[in-house]
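The values are calculated or read from the model by the stated rules, or taken from the named source; none is laboratory data. Remember, it's a predicted structure, so these values are computed and weren't measured experimentally. Backbone-built Cβ (ideal geometry, glycine too); neighbour counts: all protein chains shown.
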């Protein structure tokens, strides 16, 4: 069996070779390297924890990508994206060890929009862009719902088109994700389907978006960010509905949103509303301050939670920056959310306990 590192090298070499010989096509290599040191208090097992987060960092998860297009004439283009997630601390692949686990798709694009096939984002992610100003950072919205920064669908057929200020999008997958924790692959057929839709309006000063995702499940499968105590059976589903918006006030961006979740499991339907407000303010040309507050209002007694995070970024250039951020989670009496989304296995506090996280790091984009 070919080693995963060898497969990766051959795949990258083939892409580079194709780009070099193409007369009409173009390809771009891009990526983000983002890492740092994190400190957490009130670990349930006792004491504190200092680590280099593996899943995400102070701004965004590290990745390496290849994207390109070929002009087919008549305004039609062929497009592709291959993007892998990386854990800089260990050099390993993310998304269950997949070579291109973040995105992997091929499509056709024109003035009418883009149709694509492959592993792609669900539409809820696009609805949050512009309003979720902390993004997939280590102390972001994903700490209270791990699905939010993991909105990807295997075997997906998608459409997105922008017409002036309006963006429309839709996605369908007949086998949304065969890897853990989803365990919902092609062998289950349409019982593991996913649907997603988006309507978004943006202009120079403000924007608003509405999106809805539905993931279906079967016995033995699961959902990202699944609350404890739920059993997933045949016919289970996980719905997220997003209403988000932002406004520019000078150079300051203000964002807000409501994410409504309804997860139907065996014998119970879990419902919650996650509210968030965010601000990004350029203090100087080099220094930016970001802050986010999010409140998870669950229909279970004692299952609410709140998270507040603040980040300061100093940019040496357009590509390289250092940052420091702090976050604190306030847990209800029956939940133990960790402030940090930095590991696949959360370093949670005790049930009903709060937790503070501090992180300093370095980010480079290329």
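Of (1) at pLDDT 95 or above; (2) part of a loop (DSSP other than H, G, I, E, B); (3) out of contact with any helix residue (DSSP H, G or I) (no Cβ under 8 Å at 6 or more places or on another chain), residue 348 satisfies all except one. Which?
Residue 348 satisfies every listed condition except (1).
Scanning region 351-360 for residues that are assigned to a loop (DSSP other than H, G, I, E, B) and touching a strand residue (DSSP E or B) at 6+ places or on another chain (Cβ under 7 Å), which turns out farthest from residue 51 (Cα to Cα)?
So the residue we want is 352.
For region 301-317, which residues satisfy the criterion of being outside any strand (DSSP E or B) and surrounded by fewer than 16 Cβ atoms within 10 Å (Cβ to Cβ)?
301, 302, 316, 317
For residue 162, only one of the following conditions fails: (1) crowded, with 16+ Cβ neighbours inside 10 Å; (2) in a strand (DSSP E or B). What is its number?
Answer for residue 162: the failing condition is (1).
For residues that are in contact with a helix residue (DSSP H, G or I) (Cβ under 8 Å, 6 or more places away or on another chain) and over 17 Å from residue 213 (Cα atoms), tally how many sit in region 246-296.
Qualifying residue count for the region: 3.
Taking residue 320 as meeting all but one of (1) in contact with a strand residue (DSSP E or B) (Cβ under 6 Å, 6 or more places away or on another chain); (2) surrounded by 15 or more Cβ atoms within 10 Å (Cβ to Cβ); (3) under 29 Å from residue 95 (Cα atoms), write down the number of the exception.
Looking at each condition in turn, residue 320 falls short on (2).
Test residue 241 against the stated conditions and say whether it is without any contact (Cβ under 8 Å) to a residue 40 or more places away in the chain and assigned to a strand (DSSP E or B).
Here the answer is yes, as residue 241 does meet what is asked.
Report whether or not residue 229 is over 18 Å from residue 150 (Cα atoms) and modelled with pLDDT of 95 or more.
When the stated conditions are applied, residue 229 does not pass them.
So which residues in region 175-197 are under 17 Å from the mean Cα position of the chain (by Cα), more than 9 Å from residue 215 (Cβ to Cβ) and not in a strand (DSSP E or B), if there are any at all?
179, 180, 181
Residues are listed down the side, and each one gets a yes or a no for (1) surrounded by 15 or more Cβ atoms within 10 Å (Cβ to Cβ); (2) out of contact with any strand residue (DSSP E or B) (no Cβ under 8 Å at 6 or more places or on another chain):
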| residue | (1), (2) |
| --- | --- |
| 241 | yes, no |
| 252 | no, no |
| 256 | yes, no |
| 263 | yes, no |
| 267 | no, yes |
| 272 | yes, no |
| 276 | yes, no |
| 280 | yes, no |
| 283 | no, no |
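Taking region 201-215 on its own, how many of its residues are in contact (Cβ under 8 Å) with a residue 40 or more places away in the chain and either crowded, with 24+ Cβ neighbours inside 10 Å or part of a loop (DSSP other than H, G, I, E, B) (or both)?
Result for region 201-215: 5.
Assuming residue 120 fulfils every condition listed in (1) assigned to a loop (DSSP other than H, G, I, E, B); (2) touching a strand residue (DSSP E or B) at 6+ places or on another chain (Cβ under 6 Å); (3) surrounded by 24 or more Cβ atoms within 10 Å (Cβ to Cβ) apart from one, which condition is it?
(1)
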